[in-house]
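A.B. asks: The structure's right below; bear with me while I get my questions together.
The values are calculated or read from the model by the stated rules, or taken from the named source; none is laboratory data. Note that the coordinates shown come from a computational prediction; the quantities given were computed from them, not determined experimentally. Cβ: placed from backbone, ideal geometry, glycine included. Neighbour counts: every protein chain shown.
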Amino acid sequence: MLRRCPVAVSVWSQFVCSAYLVEFLDIELKQCIHVNLTDARKYIATHVDWYILFGSIVWNIWLRRNDFVFNGYSGRRESIVQVSLHCQQECIQYMGAALRSNVAGRRANRPGIRWRKPPVGWWKLNSDGSTVAGSGLSSCGGVVRDADGKWLIGFTRRIGICTVVKAELWGVYEGLLSAWSIGCVKLIIEVDNALVVDLVRNYNSGESTFALVSHIVTLMNRSWQVEITHVLREGNGLADSMAKIAGVDDFICCRFLSLPDLVLQQLEEKREGTPLDTG
């Protein structure tokens, strides 16, 4: 199914050297996986980071097969290649951003990191995404506070199955809508995912992997001042807690004009002091 069905063969033939295509399709599955994740130079002559692309292709062939069996959908074969290449790009970008974030984290005095109030006249949006390992079920959440640390509005939303990066982008998007809805004019966005910051700051309509980034940039370009910056996760604890309380059926954004009791209880169990000032 992953190599010998017509759709799979048409995909693999675009990457595997023609002289070794038959061998590639016939070798035992475990050996095929091992070779392609370690050293596939015999089959793949030129493609960089093949081990990432190989996994993306296998995953998308599996998804397409299930979509066909259960939903009767059969899209263009080329789309598997394009989606897999986009997944590879996302993975490479994420690993690079994670490495930079880890290096910065090791240099920081992490135990003393706390949420910091924005300058007078500004509000601050802290947003986060949460993804359950294994199932991929994701949600987002966050909070907008003023220069005194006062809670202005919070939000949660269940997203469905998606990547961590997309969940974080949804958090930024819903946070922007929430801040705009209560009349914000100057906003600082803090997220603890460096890739999300890079994607938004360096947005290019012709190159972006995520359509959601376009909607975020459009919102940021409205008649207000908006900045986005990276923060270590210790300074984003309240947004993390909000992201994790989204209800199973909350596929529309739920907004809160005060701190939810469930989050307040969680924060008081974890921290000393005023919850709104600790992350």
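A.B. asks: Go through the stretch 1-17 and count every residue that is without any contact (Cβ under 8 Å) to a residue 60 or more places away in the chain and within 23 Å of residue 79 (Cβ to Cβ).
C.D. replies: Of the stretch 1-17, the ones without any contact (Cβ under 8 Å) to a residue 60 or more places away in the chain are 3-4, 6, 8-9, 12-13, 15-17.
If we keep only those that are within 23 Å of residue 79 (Cβ to Cβ) too, we end up with 3-4, 6, 8-9, 12-13, 15-16.
Qualifying residue count for the region: 9.
A.B. asks: Could you tell me whether the stretch 268-279 includes any residue that is modelled with pLDDT of 90 or more and not in a helix (DSSP H, G or I)?
C.D. replies: Among the residues of the stretch 268-279, not one is modelled with pLDDT of 90 or more and not in a helix (DSSP H, G or I), which makes the answer no.
A.B. asks: Looking at the stretch 188-231 only, could you name the residues that are free of Cβ contacts under 8 Å to residues at least 24 places away in the same chain and either assigned to a helix (DSSP H, G or I) or on the phi > 0 side of the Ramachandran plot (or both)?
C.D. replies: 211, 214, 217, 218
A.B. asks: Scanning for something surrounded by fewer than 18 Cβ atoms within 10 Å (Cβ to Cβ), of a type in the set (Val, Ile, Thr) and under 14 Å from residue 168 (Cβ atoms), does the stretch 209-218 turn up at least one residue?
C.D. replies: Yes: the stretch 209-218 contains one or more residues that are surrounded by fewer than 18 Cβ atoms within 10 Å (Cβ to Cβ), of a type in the set (Val, Ile, Thr) and under 14 Å from residue 168 (Cβ atoms).
A.B. asks: Quick one: in the stretch 232-248, which of the residues that are in a loop (DSSP other than H, G, I, E, B) and crowded, with 21+ Cβ neighbours inside 10 Å is modelled with the lowest pLDDT?
C.D. replies: 246
A.B. asks: Would you pick out the residues in the stretch 96-138 that are modelled with pLDDT of 60 or more, loosely packed, with under 13 Cβ neighbours inside 10 Å and either on the phi > 0 side of the Ramachandran plot or assigned to a helix (DSSP H, G or I) (or both)?
C.D. replies: Selection gives 112, 121, 134.
A.B. asks: Moving on. Does residue 150 qualify as being within 23 Å of residue 258 (Cβ to Cβ) and touching a Leu at 6+ places or on another chain (Cβ under 8 Å)?
C.D. replies: Here the answer is yes, as residue 150 does meet what is asked.
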